[in-house]
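Structure first, then comments.
The values are calculated or read from the model by the stated rules, or taken from the named source; none is laboratory data. Note that this is a predicted model, so its numbers are computed, not measured. Glycine gets a Cβ as well: all are built from the backbone with ideal geometry, and neighbour counts include every protein chain shown. Remember, those area values only see protein heavy atoms, side chains included, never the ligands or the DNA or RNA. Shrake-Rupley method; radii C 1.70, N 1.55, O 1.52, S 1.80 Å.
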Amino acid sequence: MKYPKFTSKNSSLMAKFLTKEVFEELKDAKTKNGFTLEKAIKSGIDNPDSSIGVYAGDEESYELFAPLFDPIIQEYHGFTRRDMHASNLNIDELDAPNPDLKGEHILSTRIRVGRNLSDFPLGTAISKTQRDEVEMIVSTALNSLEGSLAGKYYPLYAMSEEQRLSLVKDHFLFKAGDRFLESAGLNRDWPKGRGIYHNHEKTFLVWINEEDELRVISMQKGGDIKEVFTRLVQAIRELEKKMKFAFSEHLGYITSCPTNLGTAMRASVHIALPKLSQDMKRFKSITDKYHLQIRGVNGEHSQSEGGVYDISNARRLGVTEVQCVQDMHDGVVELIKTEESL
Ligand code: ADP
Ligand code: ILO
């Protein structure tokens, strides 16, 4: 492999930090699972508009390719090699009363965490047999859940196209054919090995073998952020009794994309801000203050529809889960206050 030719179109952090020196140092390195620099950067090379442009193949990738991953992690999370990550899922420490009791702005609240099994490579480096094994382990564990988390696993290959599209449209299921995941090798053998579990109310959901082996999701209509967080924590605790997740003292939960390391948490609301969104500078000054990210209403790389935005925490590493949700809550309170003043 030769040093890639980057142009002004390559806006990713990968293009920024993959200097010739770093490339020379890493180009022949290979993890125990056979993951290489070429595989790590493929998505960013194929998609010059990537913002990050790298994926890891396993926990070892973050060590072996540290000269590339470390500066990316530092720029995205403000987290250095010497920092340690700490988890805090204590619901009592979250101060998050519903910011929209009248139900005028927040359409829905969703909190997800990514998880991967500690005894397997990440989805980028996994074999078909291993992926199927992950699906079996996770879906069997989920199908044994009881009470309000009880539900059913729906493998993607057995779903009708109509059923799949309806789950995507209603924001429950991941999209098909994501070009970033495709280039990263995360869509190999699609749709086999993938699927979704959900409880009867569709307030607790788990995606299996998408970007991460598990995406554990709690969501519901309205703005009761604490209730959504409480359900998520309850589900994580149940799952931890049944499987071991990849976790490092330094990087927290190990995920295939470095943006998700640490808590692997994205806490979001779908919120209507038709007035404030006319003034993007003011809107952004509030989201920046609370370390929040603005996405479109159909998730990452999508546009807003009808003044409705997806607002979520941007920081995930070096902050606790409680802090991630608190950031989102506090920022949303200010967004609503500003919207109502206009
Ligand atoms: P992820 O959250 O897993 O990083 P996406 O940004 O692609 O990935 O979002 C996945 C799906 O979750 C999309 O359909 C998105 O619209 C939906 N979603 C995100 N936040 C909310 C929310 N607060 N309410 C309802 N759906 C949401
Ligand atoms: N690889 C894509 C997405 C990065 C962050 N988002 C997710 C879903 N991991 C990029 O570099 O723009």
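Structure notes:
- Residue check: Ala125 meets all listed conditions (1) under 30 Å from Val319 (Cα atoms); (2) surrounded by fewer than 16 Cβ atoms within 10 Å (Cβ to Cβ); (3) touching a Gly at 6+ places or on another chain (Cβ under 7 Å) but one, namely (2).
- Test: residue in the range 232-254 that is within 10 Å of ligand 1 (Cβ to nearest atom) and farther than 30 Å from Ala66 by Cα: no
- Pick from the range 11-41, criterion under 21 Å from the mean Cα position of the chain (by Cα) and over 16 Å from Ile126 (Cα atoms), ranking: farthest from ligand 2 (Cβ to nearest atom): Ile41
- Odd one out for Ala267, checked against (1) touching a helix residue (DSSP H, G or I) at 6+ places or on another chain (Cβ under 6 Å); (2) over 20 Å from Val168 (Cα atoms): (2)
- Among residues of the range 70-97 that are aliphatic (A, V, I, L, M), those with a beta-carbon under 6 Å from a residue that is open to solvent by less than 30 Å² (accessible area, probe 1.4 Å) and not in a helix (DSSP H, G or I) at least six positions away or on a different chain give the pairs Ile73/Phe79.
- Looking across the range 1-34, the residues that are open to solvent by less than 10 Å² (accessible area, probe 1.4 Å) and assigned to a helix (DSSP H, G or I) come down to Met14, Phe23, Leu26.
- Meets criteria (open to solvent by 60 Å² or more (accessible area, probe 1.4 Å), in contact with a helix residue (DSSP H, G or I) (Cβ under 7 Å, 6 or more places away or on another chain), more than 30 Å from Tyr309 (Cα to Cα) and not basic (Lys, Arg)) for Asp119: no
- Looking at Ser302, Ser312, just one residue is of a type outside the set (A, V, I, L, M, F, W, C) and open to solvent by less than 20 Å² (accessible area, probe 1.4 Å), and that residue is Ser312.
- Listed by first and then second residue, the pairs linking a residue in the range 4-16 that is under 17 Å from Gly78 (Cα atoms) and more than 16 Å from ligand 1 (Cβ to nearest atom) to a residue that is open to solvent by less than 80 Å² (accessible area, probe 1.4 Å) and not in a loop (DSSP other than H, G, I, E, B), with Cβ atoms under 7 Å apart and 6 or more places separating them unless they lie on different chains, are Ser12/Gly44; Leu13/Ile72; Leu13/Tyr76; Met14/Ile41; Met14/Gly44; Met14/Ile72.
- Taking (1) modelled with pLDDT of 95 or more; (2) in a strand (DSSP E or B) in turn, Asp327 satisfies each apart from (2).
- Scanning the range 35-81 for residues that are in a loop (DSSP other than H, G, I, E, B), buried (at least 17 other Cβ atoms within 10 Å of the Cβ) and within 16 Å of ligand 1 (Cβ to nearest atom) yields Asn47, Ser50, Ile52, Tyr55.
- Only a single item in (1) at pLDDT 95 or above; (2) surrounded by 15 or more Cβ atoms within 10 Å (Cβ to Cβ); (3) more than 12 Å from the chain's Cα centre (by Cα); (4) not hydrophobic (A, V, I, L, M, F, W, C) is not met by Ser285, and it is number (2).
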